[in-house]
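*Asks:* Okay, here's the structure, questions in a sec.
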Amino acid sequence: MYIRALLASGILALSACGAPTADDIRPLRQNIVFDANEVAQDLSQAIQYRTISSAFDPRASWEEFEGFRAFLARRFPRMHAALDPQDLGDGQLLFTWAGSNEDAQPIVLLAHQDVVPIEPGTEDQWSYPPFDGTIADGFVWGRGTLDMKGHLIALLHAVERHLENGTQPERTIYISLGPDEEVGGAGARRAAQYLADRGQQAWFALDEGGLTVLDSPMTNAPAAMIGVAEKGYMTVTVTARARGGHSSTPPRATAISLLAQAINAIEQDPFEHSLNDGPTRAMLQAMAPEMEGIAGFAAANNGIFGPMIRGQLMEEDAARALIGTTIAPTIIEGGVKDNVLPQEATAHINLRLHPRDTVESALAHLRASVRHLDGITIETDQWASNAPPVADFEGPAWQLIAGAASGQAEPGTPMVPFMVTGATDVRAFADTADNLYRYSPARAVMADVARIHGDDERIAVEDLARMSGFFYTVIAEASAAGE
Ligand SMILES: [Zn+2]
């Protein structure tokens with residue numbers, strides 16, 4: 001992919017030797033063995049509940065959700081007995097594992113119960129029926145294995161084992177199981193509000209969003225992709241107004257021509273794109289040792305080679321999105337009849353906000369881009385949201401998450417902080433947790449990642465034990481580190 005193109009760029013005179021390695025992560029691992037087959041059997045059962053969420057009706061598939069929650073209560077009895085299970089409404093479960101030290105910041109571990117539907121007509125493209133939870137060829141197959149009942153079941157196994165072992169955490173540990181992540185995540189917002197109402201500010205919240213990619217496009221090698229940031233979301237309506245009338249005597253610009261000029265002006269005035277203010281510089285640094293020759297050298301020394309790397313990243317759509325706020329005109333409307341001058345024309349432009357920009361600053365930027373044009377207004381809708389704050393990717397919280405991830409990884413796998421392009425439930429905790437992380441140590445080739453929300457979604461049986469081991473370690477390390 002993009003960074004490989006660096007190999008061909010004009011710095012071949014430089015040697016690749018001496019490139020510094022990324023900060024060392026001390027692997028953390030508790031001496032507990034999980035039986036992957038046991039976790040896989042539970043995941044297989046979990047898949048058989050068709051917990052498909054609906055944007056229109058929070059009670060759609062209600063029996064499936066109730067059946068699923070009853071299964072969890074049967075299978076994880078200690079947790080359901082000891083951790084004060086609450087339904088915060090519409091099946092949003094919140095468990096509270098009270099810590100012994102009231103001054104220690106709590107942590108939040110998230111997963112979601114719901115899955116996306118199977119696209120009608122694609123059922124027979126699955127190797128095994130999507131809701132059978134078939135275990136075959138070393139994988140559990142079915143809708144929700146990767147997204148994210150595998151994560152959920154592995155997490156609950158870790159909690160149950162801690163309770164079996166008599167763990168008493170110093171920090172309070174909240175476990176939030178959302179019913180509706182795939183349709184907006186209102187449940188997770190209720191859980192975040194629950195913390196806010198009690199004056200609780202978590203040290204970190206951990207959810208899905210990153211995994212270990214076995215064939216990273218940047219290095220062709222494994223990389224544990226730990227989400228430390230995600231982008232904000234904002235759609236603006238650009239409205240152009242001009243006089244109406246008969247099209248035989250038009251003004252110099254109709255509402256439609258004005259609108260076209262406005263869109264053009266906005267695209268010609270892009271937002272800042274750079275390696276600053278986000279995890280992308282650190283991402284390159286972490287991957288540098290795995291990259292070939294010159295590319296690795298440039299990535300490791302990205303302070304010096306920043307402008308050149310930026311140039312390379314700008315060439316690739318997916319990479320450009322990592323280093324700046326994007327602008328995508330997506331809907332345009334205007335005009336009623338071919339011989340009538342339109343009095344109004346509108347365009348909707350979707351922005352994905354880099355953490356360095358805010359809804360307010362982006363709106364100001366767009367308005368400045370069109371200030372030379374008359375008759376243009378730009379407004380944003382009520383759904384606009386800033387990117388959540390970027391999580392720590394150097395200090396103690398990072399050392400804990402990346403250390404626990406490293407403890408389950410093959411030696412030499414880089415722990416890579418990165419910007420998640422999709423949105424997850426964890427963003428609901430932007431104001432009630434200091435750090436938001438998105439990771440689980442499932443391992444997948446890029447082709448498996450494409451199965452999420454697609455056909456033949458699956459997870460490797462052996463990874464389920466890694467995942468439980470990871471969560472067990474996160475809980476042990478976090479609960480002992482009451483500060
Ligand atoms: Zn998900």
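*Asks:* Suppose we keep only residues that are surrounded by fewer than 24 Cβ atoms within 10 Å (Cβ to Cβ) and of a type in the set (Val, Ile, Thr) within the range 114-169. Which one would you say is farthest from the ligand (Cβ to nearest atom)?
*Replies:* Top of the filtered list is 167.
*Asks:* For the condition at negative phi, touching a helix residue (DSSP H, G or I) at 6+ places or on another chain (Cβ under 9 Å) and part of a strand (DSSP E or B), what is the one hit in 437, 472?
*Replies:* One residue alone meets the criteria, 437.
Let's see how each residue does on (1) open to solvent by 10 Å² or more (accessible area, probe 1.4 Å); (2) of a type outside the set (Val, Ile, Thr); (3) over 30 Å from residue 413 (Cα atoms):
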site	(1), (2), (3)
230	no, yes, no
264	yes, yes, yes
279	no, yes, no
287	no, yes, no
292	yes, yes, no
297	yes, yes, no
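*Asks:* Tell me the residue from 476, 450 that is more than 16 Å from the ligand (Cβ to nearest atom) and among the aliphatic types (A, V, I, L, M), please. Walk me through it before giving the result.
*Replies:* On the way: 450 fails: more than 16 Å from the ligand (Cβ to nearest atom).
After applying the criteria, what remains is 476.
*Asks:* Moving on to the next point. Here is a list of conditions, (1) over 17 Å from residue 259 (Cα atoms); (2) assigned to a helix (DSSP H, G or I), and residue 357 meets all of them except one; can you say which number that is?
*Replies:* Every listed condition holds for residue 357 apart from (2).
*Asks:* Any idea how many residues of the range 170-186 are open to solvent by 20 Å² or more (accessible area, probe 1.4 Å) and more than 16 Å from the ligand (Cβ to nearest atom)?
*Replies:* Matching residues across the range 170-186 total 2.
*Asks:* Something else: What do you reckon, is residue 428 buried (at least 18 other Cβ atoms within 10 Å of the Cβ) and modelled with pLDDT of 95 or more?
*Replies:* When the stated conditions are applied, residue 428 passes them.
*Asks:* Kindly check whether there is at least one residue in the range 187-194 that is crowded, with 24+ Cβ neighbours inside 10 Å and within 14 Å of the ligand (Cβ to nearest atom).
*Replies:* For the range 187-194, residues crowded, with 24+ Cβ neighbours inside 10 Å and within 14 Å of the ligand (Cβ to nearest atom): present.
*Asks:* Please pick out the residue among 434, 425, 455 that is within 16 Å of the ligand (Cβ to nearest atom) and not small (Gly, Ala, Ser).
*Replies:* On inspection, the qualifying residue turns out to be 425.
*Asks:* As an exercise: evaluate residue 420 against (1) away from the ligand (no atom under 16 Å from the Cβ); (2) open to solvent by less than 30 Å² (accessible area, probe 1.4 Å) and give the number of the one condition it does not meet.
*Replies:* Condition (1) is where residue 420 drops out.
*Asks:* With the requirement that a residue be more than 15 Å from residue 439 (Cα to Cα) and open to solvent by 10 Å² or more (accessible area, probe 1.4 Å), what does the range 200-228 give you?
*Replies:* Selection gives 200, 201, 203, 215, 217, 218, 219, 220, 221.
*Asks:* Kindly establish whether residue 23 is at pLDDT 95 or above, farther than 30 Å from residue 134 by Cβ and out of contact with any Pro (no Cβ under 9 Å at 6 or more places or on another chain).
*Replies:* So residue 23 does not fit the description; no.
*Asks:* Restricted to the range 360-413, and to residues that are assigned to a loop (DSSP other than H, G, I, E, B), charged (D, E, K, R) and out of contact with any Phe, Trp or Tyr (no Cβ under 7 Å at 6 or more places or on another chain), which residue is nearest to residue 432 (Cα to Cα)?
*Replies:* For the range 360-413, the residue satisfying everything is 394.
*Asks:* Confirm whether residue 240 is assigned by TED's automatic domain parsing to the domain that holds residue 338, more than 31 Å from the chain's Cα centre (by Cα) and not in a loop (DSSP other than H, G, I, E, B).
*Replies:* Spelling it out, residue 240 is indeed assigned by TED's automatic domain parsing to the domain that holds residue 338, more than 31 Å from the chain's Cα centre (by Cα) and not in a loop (DSSP other than H, G, I, E, B).
*Asks:* Oh, and also: Need the failing condition index for residue 448 against (1) at pLDDT 95 or above; (2) outside any loop (DSSP other than H, G, I, E, B); (3) open to solvent by less than 20 Å² (accessible area, probe 1.4 Å), just the number.
*Replies:* (1)
*Asks:* Only one of 102, 164, 123, 160 is under 15 Å from residue 451 (Cα atoms) and among the charged types (D, E, K, R). Can you tell me which?
*Replies:* Just a single option satisfies the conditions, and that option is 123.
*Asks:* Can you confirm whether the range 68-87 contains a residue that is surrounded by fewer than 18 Cβ atoms within 10 Å (Cβ to Cβ), touching a Gly at 6+ places or on another chain (Cβ under 7 Å) and either among the β-branched types (Val, Ile, Thr) or farther than 18 Å from residue 433 by Cα (or both)?
*Replies:* No, there is no match, as no residue in the range 68-87 is surrounded by fewer than 18 Cβ atoms within 10 Å (Cβ to Cβ), touching a Gly at 6+ places or on another chain (Cβ under 7 Å) and either among the β-branched types (Val, Ile, Thr) or farther than 18 Å from residue 433 by Cα (or both).
The values are calculated or read from the model by the stated rules, or taken from the named source; none is laboratory data. Quick caveat, the model's predicted, so the values are computed rather than measured. Backbone-built Cβ (ideal geometry, glycine too); neighbour counts: all protein chains shown. We work out accessible area using only protein heavy atoms, side chains counted, and drop any ligands, DNA or RNA first. Shrake-Rupley method; radii C 1.70, N 1.55, O 1.52, S 1.80 Å.
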